[in-house]
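First the structure, in the form of structure tokens, and then the observations on it.
The values are calculated or read from the model by the stated rules, or taken from the named source; none is laboratory data. Computed from a predicted structure; not experimentally measured. Using ideal geometry, Cβ is built from the backbone for each residue, glycine included, and neighbour counts are taken over all protein chains shown. Calculation scope for accessible area: heavy atoms of the full protein, side chains included, ligands and nucleic acids excluded. Shrake-Rupley method; radii C 1.70, N 1.55, O 1.52, S 1.80 Å.
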Amino acid sequence: MLNLVWVRTFLALAKHKSFQASAEYLRIAQPTASSHIQKLEEQLGVLLFHRSRTGCEPTREAMNFLPYAQSILRVNERALAAVSGERTRIGASSNIGIYLLQPYVRSYLEGRDPAAFDMVIDRNPSIVEKLENVEIDVAVLEWWDNRDGCQVERWRSEPVVVIVPPDHPLASQDHIDPVQLSAFELLGGEPGTGTGRMLAKYFGDHAQMPRVSLQLGSTEAVKQAVKAGVGISLVLASAVSDEVRAGSLRALPFPDPPLRKDLFVAWRTGISGMPIPAFAQHLLNAHCNETVSAR
């Protein structure tokens, strides 16, 4: 078992590259810091730092170990927070965290201490990994691949639209059908959102799927590119509501059947019978109430 104190000293030395500076940062004696690194090197069976009079440089083995050391300490912090019940940490894929989740965070925090709540927004695969590594309590995702040790519930189904600039030939239409869309190449947004899977399911064997010609990395980049006339794209309807109201983009829905993306809430199950995390329950209850109100 790795010693957390040694791992913390390793991270300090990797950052400061000096035993003296690392010891001062950790508020321990320099010989103690040196002993921690020596014991860690003995346990791992590798040299972690090249020592010299001017400081310390991490070895290749140290750089390989670095992300794991960081993860070990994050999990340790999460474990302490979970036992004390002091902090909730949520992870959300970028589109959900930026365009959909904020009102639910606001309602969840009513009567709660905001200092006890953290939210991480990242690419969908990264959020899945953070949940699996126990770095977050709840994940809100655009796709889920049935990881062991986790439970997932469908949260909501969000409409997907084609966005075009106001002067585009399609801009005068009220909707777009799959045959029309298959004639165009699309601008791609953030990788790993599951849009390709959604399109494959929607198109099936009945029409040719449109091809993604350029991967831009984020929905915000896609919106700017479409405004500039670079191409057209598919996005969640909620991601372009402001631009559609302002008239800078046109959003074309699909006719029956509409194109929609299912969004999910996931959490680690741990021991059988553990309660659903409060934030996950809040999301599921809130959407259920919205559905009832809309009827």
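If the chain linking LEU44 and LYS17 were pulled fully straight, counting 0.36 nm for each residue of separation and taking away their Cα-Cα distance, it would gain 7.8 nm. Farthest towards the positive end of the charge dipole of the stretch 107-229, among the residues VAL152, ASN133, GLY204, is the Cα of GLY204, using unit charges on the Cβ of Lys, Arg, Asp and Glu.
Based on the Cβ-Cβ distance of ARG87 and GLN151, what FRET efficiency does E = 1/(1 + (r/R0)^6) give at R0 = 25 Å, to the nearest 0.05?
Working: r = 21 Å, r/R0 = 0.84.
For R0 = 25 Å, the calculated efficiency reads 0.75.
Accessible surface area normalised per residue over the chain is 54 Å², counting heavy atoms of protein chains with a 1.4 Å rolling probe. Across the chain, Cα pairs under 8 Å and at least six residues apart give a relative contact order of 19 percent.
Bridging of LYS227 to aspartates and glutamates at a Cα separation below 12 Å is possible for ASP167, GLU243, once same-chain residues fewer than 8 apart are set aside. Computed with every protein chain present, the accessible area of LEU80 is close to 110 Å² [probe 1.4 Å]. Against the criterion of solvent-accessible heavy-atom surface with a 1.4 angstrom probe, LYS130, LYS15, LYS227 sort, most first, into LYS15, LYS227, LYS130. The label-point distance for ASP256 and GLU110, in a model that sets each label 7 Å from Cα toward Cβ, rounds to 3.7 nm.
The local environment of GLY247, defined by Cβ-Cβ distances under 13 Å, has a net charge of 0 under the rule Lys, Arg +1 and Asp, Glu -1.
What's the extension gain from GLN224 to ASP177 if we count 0.36 nm per residue and subtract their Cα-Cα distance? Before the final figure, lay out the partial values.
Values: separation 47, 0.36 × 47 = 16.92 nm, distance 2.38 nm.
Difference between extended and current length: 14.5 nm.
Express the relative contact order of the stretch 158-259 as a whole percentage, based on alpha carbon pairs under 8 Å and six or more residues apart in sequence.
Details: 162 pairs, mean separation 50.3, N = 102.
After rounding, I find 49 percent.
Checked against a 22 Å cut-off, the cross-linked pairs LYS130/LYS223; LYS39/LYS130; LYS17/LYS130; LYS17/LYS39 give Cα-Cα distances beyond that limit for LYS130/LYS223; LYS39/LYS130; LYS17/LYS130. What a 1.4 Å probe finds exposed on the stretch 158-259 is 54% carbon and sulfur by accessible area, rounded to a whole percent. Against the chain, whose longest principal axis is taken from its Cα atoms, helix 278-294 shows a tilt of about 10°. A 1.4 Å probe, protein heavy atoms only, puts the accessible area of THR193 near 10 Å².
Exposed loop sites here mean GluC sites (Glu not before Pro) with a DSSP loop assignment and at most 15 other beta-carbon atoms within 10 Å; the chain contains its longest site-free run at 111-295. Site pair VAL5 and GLN30 shows an inter-label distance of 2.1 nm when each label is modelled 7 Å from Cα along Cα→Cβ.
Ranking TYR99, TYR68 by solvent-accessible area of protein heavy atoms (1.4 Å probe, all protein chains present), from largest to smallest, gives TYR68, TYR99. Among LYS17, LYS201, the order of accessible area from largest down is LYS201, LYS17, computed with a 1.4 Å probe on protein heavy atoms. What does the extension gain come out to for ASP242 and GLN102, with contour length at 0.36 nm per residue minus their alpha carbon separation? Here the answer is 48.9 nm.
Among (i) 21.2; (ii) 18.0; (iii) 17.1, which is the computed mean projected area of the Cα convex hull in nm²? After the calculation, the listed value that fits is (i). Modelled spin labels at GLU77 and PHE117, positioned 7 Å past Cα toward Cβ, are 2.0 nm from each other.
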